[in-house]
1. For the range 1-57, just say rounded, prolate or oblate: build the C-alpha gyration tensor, square-root its eigenvalues into a ≥ b ≥ c, call rounded for a/c under 1.5, and beyond that prolate if a/b exceeds b/c, oblate if not.
2. Taking the simple approach of a point 7 Å from Cα along Cα-to-Cβ for both residue 24 and residue 41, what is their distance in nm?
3. Measure out, as a whole number of angstrom, how far apart the alpha-carbon centroids of the range 55-92 and the range 1-49 sit.
4. So for each of 52-62, 89-99 I average, over its residues, the number of other beta carbons within 10 Å; can you give me the resulting order with the highest mean first?
5. For a quick size check, give me the Cα extents of the range 1-109 along its three principal axes, largest first, whole Å.
Amino acid sequence: GSSYTGTFYKGMYHGKGTFTWGKENKKEKNEKYTGEYKYSKKEGNGRYFFKNGDVFEGIFFDGNPHGEGRYESDDIVYKSFWRNGQMVEKPLIESQKSEDEIKNIIINNGGKIWKNGMLHWRIYTIMR
């Protein structure tokens, strides 16, 4: 099942902790968040590990990425700003992959920068 290890306040996750979703949760099965909580919501600095190996690291507010953050997928790092779980600025992309490899990954994801449904940007800047 799902598990939480960390601090509590008045019966709620509060402070630093790690929550791992178990098999019973179809949407987030085998995913994990480690970082700061406020009244049982992800809030503050944290890292979210997706079941496909992707990682988001950054600031959370009210349970969602909100502020500066970085998303790593397929050995590519996307840096940008988020608001309520959505990217709101054109990302900077860092990778050792060639520009053609990066474009092919984006095309294979349906033109979206990544496949978890959070981003919808088709414009990007590649940084070396």
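1. Numbers: a/c = 2.62, a/b = 1.40, b/c = 1.88.
Verdict is oblate for the range 1-57.
2. 2.4
3. 18
4. Going by the mean number of other Cβ atoms within 10 Å, highest first, we get 52-62, 89-99.
5. Principal extents (Cα only, largest first): 51, 29, 20 Å.
Computed from the coordinates by the stated procedures, all read-outs in this text should not be read as laboratory data. Just so you know, these numbers come straight off a predicted model, no measurement behind them. No Cβ is skipped: glycine too gets one built from the backbone with ideal geometry, and neighbour counts run over all protein chains shown.
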